[in-house]
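Below: one structure, written as structure tokens.
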DNA sequence: GCGAGGTTGTTCTATATTGGAACACGCCGT
DNA sequence: ACGGCGTGTTCCAATATAGAACAACCTCGC
């Protein structure tokens, strides 16, 4: 088990930090901005940006403003693309049958990030769950469903103790729920999705808070989870 | 105008090539595979991978297999996120009103990549247009709509001459169409979307080939395009 | 028109980083 | 046990990089 020391390659690490900074930025940044945010000399940032631009991950507008390039999206499409491909039709079916936004989330370190999401037509209120959305695993139904699959030893250090009982209960029932956790006035139901040789995942729906049969929703989600699991042989 | 010589930063460039290779890979790769594909020494690939892993862009399974990490998806969510945010509701509305998959595509070098896509419930046949999908700009309705916005001098060198007339016609009509181009038996209608200080884009729908009023579809798309354009002040 | 401020692009050298090879370890199938 | 295959580590020379100082280019203001 190699220890988690400093990033072995300084240059690459800085280049990636540029991407991270740009992803958070709301507007095009100047080279100076980037250099400042990274704490490196402007000249270094310049060379790194040129390289990123060369690969299409960064784009410069007429004023020299720096932005993330569209090819980032193309790269991200390769993330677990077999899982995405198998899950998409299932998510669509669930979304339409239940009339709720349905999405697939996976574990990333101690965060829960949604990979694909499908919005139904007949939503009471449209709920958008954009791919790439992140929040701590310890929060929300998908997070708890994922924790269901993790031995307690691998839980994030900052997990509050009460959570343990909640997750244990979810594990028994086979699904997790939440309301007003990640977004106020929204309820969510999620089932765990364990795949061979892959990190833990979850299939979930969100809807505006209202009386709903969680058991029934969970049953539908579980069916889709099984379908995906079988399709991927895991 | 700085010339497009070799990538200024060799290390960063290699790191990105690793990401590209992994995005194309259908299965987890070994370090040796990566090193071989890049043409670098295994030890170098090792260090680069460690750095990528440190940033969560790469994940290693129990067998040491290397895959793209979920955080890539989070990074990609930052690509033109204001455009994505403004376009999403419009795409959803169009998809539901027309009963066709509706998506937003942008220009990346000489390729057309789709950023967001929304699938409707009542599709005759479900058509999935996954975000991140790429193909040459010279092909398909969105591509031609985008070419509408580009001076001919900036067209890709390999653009066939007949295309010029087609695009000119599309520019006059205000929309472009295609059938059986990128995927057999599919038709597509697209309108250009020019935004201030941003690359050319297009809003498009796809549907299975059948009699349809392209003019009417285009009118609806144009309305959404205008809405997005005004929302972004461009 | 002209100069000031701010930004990008270029060139240079000492230094830290990297590239590559050889080696140690663990695992699995024959 | 053995040999193949894979990872992780160490080493040194070679080189790519970091950082600074400088030049060119804008726009904005007068």
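Read through the list (1) in contact with a strand residue (DSSP E or B) (Cβ under 6 Å, 6 or more places away or on another chain); (2) surrounded by 14 or more Cβ atoms within 10 Å (Cβ to Cβ), then give the number of the only condition that residue A:125 fails. Here residue A:125 clears every test but (2). On inspection, residue B:153 fails the criterion of being in a helix (DSSP H, G or I) and within 28 Å of residue A:117 (Cα to Cα). Of B:93, B:62, B:85, all but one fail to be over 25 Å from the mean Cα position of the chain (by Cα) and surrounded by fewer than 24 Cβ atoms within 10 Å (Cβ to Cβ); the exception is B:62.
Restricting attention to the range B:18-34, the residues that are within 13 Å of DNA strand C (Cβ to nearest atom) and over 25 Å from residue A:58 (Cα atoms) total 3. On inspection, residue A:216 fails the criterion of being over 23 Å from residue A:101 (Cα atoms), part of a helix (DSSP H, G or I) and more than 14 Å from every other protein chain (Cβ to nearest Cβ). Quick check: anything in the range B:129-150 modelled with pLDDT under 90 and at the interface with chain A (Cβ under 7 Å from one of its Cβ atoms)? There is no residue in the range B:129-150 that is modelled with pLDDT under 90 and at the interface with chain A (Cβ under 7 Å from one of its Cβ atoms). When the helices (runs of 4 or more DSSP H) confined to the range A:1-119 are screened for residues that are touching a strand residue (DSSP E or B) at 6+ places or on another chain (Cβ under 8 Å) and either within 9 Å of another protein chain (Cβ to nearest Cβ) or in contact (Cβ under 8 Å) with a residue 60 or more places away in the chain (or both), those reaching at least 1 such residues are found at A:10-24, A:42-54, A:71-76, A:81-98.
Go through (1) in contact with a helix residue (DSSP H, G or I) (Cβ under 7 Å, 6 or more places away or on another chain); (2) part of a helix (DSSP H, G or I) one by one and return the number of the condition residue B:203 breaks. Of everything listed in (1) in contact with a helix residue (DSSP H, G or I) (Cβ under 7 Å, 6 or more places away or on another chain); (2) part of a helix (DSSP H, G or I), residue B:203 misses just condition (2).
Candidates A:57, A:49: the one that is touching a helix residue (DSSP H, G or I) at 6+ places or on another chain (Cβ under 9 Å) and near DNA strand C (Cβ under 9 Å from one of its atoms) is A:49. When only residues in the range A:18-32 that are within 16 Å of DNA strand D (Cβ to nearest atom) and more than 19 Å from the chain's Cα centre (by Cα) count, which is surrounded by the most Cβ atoms within 10 Å (Cβ to Cβ)? Ranking the candidates gives A:18 first.
The values are calculated or read from the model by the stated rules, or taken from the named source; none is laboratory data. Bear in mind the structure is a predicted one, so any value in this text is a computation, not a measurement. So basically every Cβ, Gly included, is an ideal-geometry build from the backbone, and we count neighbours across all protein chains shown.
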